[in-house]
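Participant: Take a look at this one; I'll ask things after.
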């Protein structure tokens, strides 16, 4: 049926609300208009999104709030002077791998990755602290002025951690957890692509609050569903009330209209429901209802069964198709009247016509996806009988999540509470199975391993040490299985990873605030780079600043005796050596990179510095030139 013309001009306020809802779903609320609730803009929340300071202005409206919520929003948007330093000696296949393992506070890491991976990530999986009363949570220090931004991040204890225990006796028990998770989820939305999706493991303690936060950040309409995972296979008889056998996995899409859920392989049990009692040449089938709920007089007609009985729909219903089409299907043998030909007719749905895959349900049994004990046994198998880690996720569960998320062969997956690196192993296994190039980014705070543990006695000092070793061991196991496997031109999956470590900026304070430097201190700042930083350190900070993924190819070449980094096959050329001559600058310009970066203090003469721009204008005018 043709749609009616509106016959009036567009309501531009509605269009504008839609635009704001797309950009800032957390600014949507409900208010009363003529006594009825209508969708509207929370202007105080919108002010906060567009401000670099805490905005006050409470009014009565439907909202989810807690102490310091405005500061949590501010924290997500506040800048930081930090960087990621490469650590080749702890990496595997540093020069060739596309996978990243990043050590550091995940909020700061997410901020550093935000611009580079904006809208590029297909799936995010996180297993954050459940806030059970004995969990550690990130202690994000709040400040109320722009001068305090530097104090918001990098505030660690003597062990290098920014984690604090959050006991249930804490008067801010839920508040501290909410303030921790909110800014991280806010940045997560920025990272997801249009058909991207986030999976969040959680239990009863914070699932209600998590859903409210996600409704605000991702938009209630983008809630895909809540999965119940049966994580335990045996009850605990010492439980006070109920023995908890499940966790939740909360799922939100970046854009529900773009997200396509991955179908699961059909099971033998599902296929067994299809029979062929009449030897139909089209193969096994199962019967389905022929009536429709919505009544139409044109579809309400009698049908004569093979035995002569005349049947009509009952209970105010009608058939689902026209009389002519019904007769065609009867003639084709697509309608089933029972063994004796006298039953109410039913439609035959053939196994051959069923979509190749099953829609996932929200109940995931351990028989299908594994349980906690299975996950611990998987770790023990890798580590020679040692578990080392509490609460890892089973590989069958992670594989199911990757499948349902519809992760493709060239997609990016992030896990920023990576723990034992279950997600990394699952992705490597997936690539080994399908010949794909799915990349992962694991992020984990280097939490200290307690001394009175097997892990500590065997040389592991942080959770990161365990996670990295798990990836190494899993990679070796995959390689041993792949010796006879070939996918096109690929003979093995990428089982390597680049280790990057969060640290303070490579640049001295004078680089950011030269106006505060006194004349008497000039001699101390002849070099604006910290003395303990390498050229590779500078390169990775420049790559992040230019929006270049830190997983791309990097090679070092020599030009005029100087080390020049070639990033992503000539996309960026960078030289940080001293005493760089005009001839070196000229050779770099002749290669026509998209970006060229040098140190301001590297030029060997005033003439070289003066002619730098002119050289590039002559040989490569489109190159974006940068100096540090």
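The values are calculated or read from the model by the stated rules, or taken from the named source; none is laboratory data. These numbers were taken from a predicted model, which means no experiment stands behind them. In this analysis, Cβ positions are derived from the backbone assuming ideal geometry, glycine residues included, and neighbour counts consider all displayed protein chains.
Participant: Kindly provide the set of residues from the stretch 184-216 that are outside any strand (DSSP E or B) and under 14 Å from residue 256 (Cβ atoms), ordered by number.
Facilitator: 189, 214, 215
Participant: Within the stretch 316-374, track down each residue that is free of Cβ contacts under 8 Å to residues at least 24 places away in the same chain, loosely packed, with under 13 Cβ neighbours inside 10 Å and within 26 Å of residue 264 (Cβ to Cβ).
Facilitator: Across the stretch 316-374, the qualifying residues are 353, 361, 367.
Participant: May I pose another question? Would you confirm whether or not the stretch 3-26 contains a residue that is surrounded by 10 or more Cβ atoms within 10 Å (Cβ to Cβ), touching a helix residue (DSSP H, G or I) at 6+ places or on another chain (Cβ under 9 Å), in a strand (DSSP E or B) and at pLDDT 65 or above?
Facilitator: No.
Participant: Next question, about the same structure. Given (1) in contact (Cβ under 8 Å) with a residue 40 or more places away in the chain; (2) buried (at least 20 other Cβ atoms within 10 Å of the Cβ); (3) over 13 Å from the mean Cα position of the chain (by Cα), where does residue 426 come up short, assuming only one miss?
Facilitator: So residue 426 meets the others, but not (1).
Participant: Now for a different question. What single numbered condition from (1) in contact (Cβ under 8 Å) with a residue 24 or more places away in the chain; (2) touching a helix residue (DSSP H, G or I) at 6+ places or on another chain (Cβ under 7 Å) fails to hold for residue 403?
Facilitator: Unmet condition: (2).
Participant: If you don't mind, another one. Please indicate, with yes or no, whether at least one residue in the stretch 551-560 is farther than 18 Å from residue 498 by Cβ and touching a residue at least 12 places away in the same chain (Cβ under 8 Å). Lay out the reasoning, then the answer.
Facilitator: Of all residues in the stretch 551-560, those farther than 18 Å from residue 498 by Cβ come to 557-560.
Restricting the remaining residues to those that are touching a residue at least 12 places away in the same chain (Cβ under 8 Å) gives 559-560.
Yes, the stretch 551-560 has at least one match.
Participant: Here's another thing I want to ask about it. May I ask you to list the residues in the stretch 436-460 that are in a loop (DSSP other than H, G, I, E, B), in contact with a helix residue (DSSP H, G or I) (Cβ under 9 Å, 6 or more places away or on another chain) and farther than 16 Å from residue 475 by Cβ?
Facilitator: Answer for the stretch 436-460, where residues must be in a loop (DSSP other than H, G, I, E, B), in contact with a helix residue (DSSP H, G or I) (Cβ under 9 Å, 6 or more places away or on another chain) and farther than 16 Å from residue 475 by Cβ: 445, 446, 447, 449, 450, 451, 459, 460.
Participant: Can you find a residue in the stretch 388-396 that is in a helix (DSSP H, G or I) and at pLDDT below 95?
Facilitator: No.
Participant: Checking residue 104 against (1) modelled with pLDDT under 90; (2) on the phi > 0 side of the Ramachandran plot, which single condition isn't satisfied?
Facilitator: (1)
Participant: Does residue 433 meet the test of being outside any loop (DSSP other than H, G, I, E, B), surrounded by fewer than 19 Cβ atoms within 10 Å (Cβ to Cβ) and in the same structural domain as residue 255 (by TED's automatic domain parsing)?
Facilitator: So residue 433 fits the description; yes.
Participant: Before we move on, is residue 627 touching a helix residue (DSSP H, G or I) at 6+ places or on another chain (Cβ under 7 Å), under 23 Å from residue 506 (Cβ atoms) and crowded, with 19+ Cβ neighbours inside 10 Å?
Facilitator: So residue 627 fails the test.
Participant: Among the numbered criteria (1) more than 13 Å from residue 362 (Cα to Cα); (2) part of a loop (DSSP other than H, G, I, E, B); (3) touching a strand residue (DSSP E or B) at 6+ places or on another chain (Cβ under 8 Å), which one does residue 261 miss?
Facilitator: Exception for residue 261: condition (1).
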